[in-house]
Protein chains: 2
Amino acid sequence: MAVNFQSLAEEFTKFYYAQFDSDRSQLGNLYRDHSMLTFETSQMQGAKSIIEKLVSLPFQKVAHRISTLDAQPSSPDVGSVLVMVTGELLVDEEQNPQRYSQVFHLVPEGGSYYVFNDIFRLNYS
Amino acid sequence: MAVNFQSLAEEFTKFYYAQFDSDRSQLGNLYRDHSMLTFETSQMQGAKSIIEKLVSLPFQKVAHRISTLDAQPSSPDVGSVLVMVTGELLVDEEQNPQRYSQVFHLVPEGGSYYVFNDIFRLNYS
């Protein structure tokens, strides 16, 4: 299966962060029961636990800005895609953005993709 | 297959960076012909091309220091592992470390693991 994985990664992250920044409670349909999220030092499995975690994060307003986005096919045959993002995050009334790194592992399912792995870390300097 | 993926990720990265920092020309046996490296804006496929790229990097001395390391199984059945590292890199006589993010996708083969995906980015502030 030939996938334009770079375009797919760009479309996915654009959609993901737009949805995250407007209403992150609606991200649940991007995860499955076996999906995993590592958010800083917390680990969750399953769409329900992942969304509970994301909704519980202690900010109201949030804006992601992507600095770099790289993608590679993560399997010789399945069509899955690995995405690494580095970027900046602006929360609430903060003036100084926080840098972050995030990895998504996207797996195809019925003509679309879901998030199998999601690892997020702030980059402290 | 039950894999202690966190320990595996720690052992792998410890070995990888120790080898990288002492003699990166010897990393070739960790990659295969279908392995991929994204190093900043360059993309390479295959152990030979990947090692040529790593050897050509314009520094003699290099030291990696890991700040965070997170791992997740990347497949429900195959035993493959996704690793995200954030850390600092000190090259040659530089006094100021550069921050970086790196993802490794490790795939089992004959009792060991090889690197299927490798994505490296410096984090500019």
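Every number here is computed from the coordinates shown, using simple stated rules; none is lab data. None of these values were measured; they are calculated from a predicted model. As a convention, Cβ positions derive from the backbone with ideal geometry for all residues, glycine included, and neighbour counts pool all protein chains shown.
List of remarks:
- Computed over chain A, relative contact order equals 24 percent, with contacts defined as Cα pairs under 8 Å that lie 6+ residues apart.
- Of all DSSP bridge pairs formed entirely within the protein assembly as shown, close to 85 percent run antiparallel.
- The protein assembly as shown, dipole about Cα centre (Lys/Arg Cβ +1, Asp/Glu Cβ -1), debye to the nearest 20: 20
- Unsatisfied cross-links (Cα-Cα over 28 Å) in the set A:Lys61/B:Lys14; A:Lys14/A:Lys53; A:Lys14/B:Lys48; A:Lys14/B:Lys53: A:Lys61/B:Lys14; A:Lys14/B:Lys48; A:Lys14/B:Lys53
- Inter-copy separations for B:Pro108, label at 7 Å along Cα-Cβ, nm, ascending: 2.5
- Share, in percent, of DSSP beta bridges within region B:5-122 that are antiparallel, nearest 5: 85
- Remark: mean inter-chain Cβ contacts per residue of A:66-74 equal 6, using a 10 Å Cβ-Cβ cutoff to other protein chain atoms.
- Relative to the other identical copies, A:Lys53 shows label-point distances of 3.0 nm, where the label point lies 7 Å from Cα along the Cβ direction and values run shortest first.
- Put simply, the amide H of B:Ser67, placed in the peptide plane, has neighbours under 5 Å in B:Thr86, B:Gly87, B:Glu88, leaving out anything fewer than 5 places away on its chain.
- Dividing the helix sum by the residues of chain A, where each DSSP H run of 4 or more adds -39500 (n - 2.57), gives a mean residue ellipticity at 222 nm of -7500 deg cm²/dmol.
- Taking every residue in A:5-18 and counting other chain Cβ atoms within 10 Å of its Cβ, the average works out to 0.
- Rounded, prolate or oblate (a/c below 1.5 giving rounded, otherwise prolate when a/b exceeds b/c) for the protein assembly as shown by Cα gyration tensor: oblate
- Cα-based shape type of region A:6-67, given that a ≥ b ≥ c are square roots of the gyration tensor eigenvalues and the cut on a/c is 1.5: oblate
- Per-residue shielding of B:83-93, expressed as the average number of other chain Cβ atoms within 10 Å of the residue Cβ, stands at 2.
- 5 angstrom amide H check on A:Asn117, placed H, neighbours 5+ away: A:Met36, A:His105
- The rotation axis taking chain A to chain B passes closest to this chain A residue's Cβ, listed with the gap in Å: A:Ser101, 2.
- Helix B:5-23 and the longest principal axis of the Cα set of chain B meet at an angle near 40°.
- Label geometry 7 Å along the beta-carbon vector: A:Glu10 inter-copy distances in nm: 4.0
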